[in-house]
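Please read the structure below before turning to the comments.
Rule-based calculations on the coordinates, nothing more; no lab input. Just so we're clear, the structure is a prediction, and the values are computed from it rather than from any experiment. Cβ placement follows ideal geometry from the backbone for every residue including glycine, while neighbour counts extend to all protein chains displayed.
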Amino acid sequence: MPETPAHEEQAGAQDAEDAGIDPAILTQLLPFDPFDPAFHADPYAVYRKIREQGPVTRTPLGLVVVPGHAGISAVLRDNRFGWGDGATVAEHFSQGPDGTTVRPFIFMDPPDHTRIRGLVGQAFSARRVDALRERAGEVVAELVESAVAEADGGTVDLISAVALPLPAILLGELLGVPPEKHARFQALSADIAHGLDPSLFLTPDEVARRDSARAELYEYFGQLADERRAAPTGDLISELVAAEDTEGKLTGHELVVTLTLLLSAGFALTVNLIGNGMLALLQHPEQLAWLRAHPDEVPAAVEEMLRYDPPGQMISRVALADAEVAGEPIAAGEQVMLLIGAASRDPEVYEDPDALVLSRPAGRNLGFGLGVHFCVGAPIARLAAQVAFATLAGLDLELETTSPPRAPYIITRGLKELPVRVAPAR
């Protein structure tokens, strides 16, 4: 791992202090330092060392860490592991008007997860996603044209110019949100996405922004739901409203929580997949040239970029009953951390795992999870990334810096900005 400048080390220590955490505790709780800038610059070097310790590692404070592809796949397919009701997920719960506790469905275990997952799966059905492909192409073309014109041969930040607005627009249109709200939804979704880390690792301001953004979206989606009850329009919200209280399928508060989740989770994955992928392409010009020469291979290339630097780096689980992983006993109630980022570079599964190879055969990718909790927003994230890469590969792009700043989060991995010089391709 490259040496970390002293000022960056000081910044990492300051981040820990801002979050109210004793840095010494972190070495006992996690197998890495979540505030270390060197870790955010290259977590895969750290993951490699953890993976080399064996299929299961326990930290001094009792966290069970699973870094291998086989072990993570087994846990994600095993119904003895789930979310449970601990503090890690309880901070995502909310109270409905009747006082009942509602949690976003991605933090549910069956059978409630199964009930709501079946309904929201309509949001990202093949029919709905395919219907958005042409529109996605139009949006990307408009965003790129505007950015290039504004830069006039200068610098463009691909995160703010393309990666952030694209999913906000597509998800907003999918949900039936009017265009004038898309920019606001972008800001709110970003605040919620940044708050996906446990509150233990966030500053009080980040927690407050996350909670405020959720409350604002709950209120707004509640208003939209009322409008659709009175006058359905055929959009996704209208379909979900029709499912309210039908055989107990969906309550009013579950509806607004679910809509907020669909927007924010789909947004975070898409932004970071595009940002991480474009950085990887620009750092590997031979791969970018390959993609330009093989435009029909964009979907497979997206899968490789998802593997190489996944937007979702880790998933937590709780043992709901006594179980085992790779022969290691796991007692009911133990917390388990699944290092998706480590599994994406597992040499037992991928040849030359640290290399970006766009022609690599796709398969066994854990970037969007696995099993009953496979990411419901994966189709829209893949679509947006495919269209974005197909368009951006047609430009001459040059990185302004080889190390653009990373967002300092551990659940998701993404860039704060990606400044490039851009001109129409020759």
*asked:* Could you give the length gained by full extension between L61 and F93, i.e. 0.36 nm per residue of separation minus their alpha carbon distance, to one decimal place?
replied: 9.0 nm
*Run the dipole for the chain about the Cα centre, Lys and Arg Cβ at +1, Asp and Glu Cβ at -1, nothing else charged, and hand back the magnitude in debye, nearest 20.*
960 debye
*Check the straight Cα-Cα distances from K181 and name the aspartates and glutamates below 20 Å, setting aside those fewer than 8 residues away within the same chain.*
E138, E142, E173, D191, D211, E216, E219, D226, E227, D235
*If exposed GluC sites (Glu not before Pro) are those in a DSSP loop with at most 12 other Cβ within 10 Å, what is the longest stretch of the chain that has none?*
4-347
_Contact order relative to length of the chain, as percent, for alpha carbon pairs under 8 angstrom and 6 or more apart_ = 24 percent
*Please give the FRET efficiency for F374 paired with A149, using the beta carbon to beta carbon distance and R0 = 35 Å, rounded to the nearest 0.05.*
0.30
_Only Cα pairs within less than 10 Å get springs; with that Gaussian network setup on the chain, which residue of L174, L26, L339 has the largest fluctuation?_
L26
*Of Y350, Q313, P329, which is farthest on the positive side of the dipole of the stretch 301-369, counting Cα position, with +1 on Lys and Arg Cβ, -1 on Asp and Glu Cβ, and the Cα centre as origin?*
Q313
*Fewest to most neighbouring Cβ within 10 Å: what's the order for R345, R115?*
R115, R345
_Residue with peak Gaussian network fluctuation, the chain [Cα springs, cutoff 10 Å], from G234, G176, G222_ = G234
*Sort L269, L175, L366, L399 so the one with the fewest other Cβ atoms within 10 Å of its own Cβ comes first.*
L399, L175, L366, L269
*Out of D191, D112, D309, any idea which swings most in a Gaussian network model of the chain, alpha carbons joined below 10 Å?*
D112
*Work out the FRET efficiency for D130 and A289 from their Cβ-Cβ distance, taking R0 = 25 Å, and round it to the nearest 0.05.*
0.30
*Would you mind computing, in nm to one decimal, how far apart the modelled labels at E219 and A300 are, each placed 7 Å from Cα along Cα→Cβ?*
5.1 nm
*Is the shape of the chain best called rounded, prolate or oblate, per the rule: a/c under 1.5 gives rounded, else a/b larger than b/c gives prolate, else oblate, with a ≥ b ≥ c the square roots of the Cα gyration tensor eigenvalues?*
rounded
*Calculated FRET value between E400 and A321, using beta carbons and R₀ = 45 Å, to 0.05*: 0.30
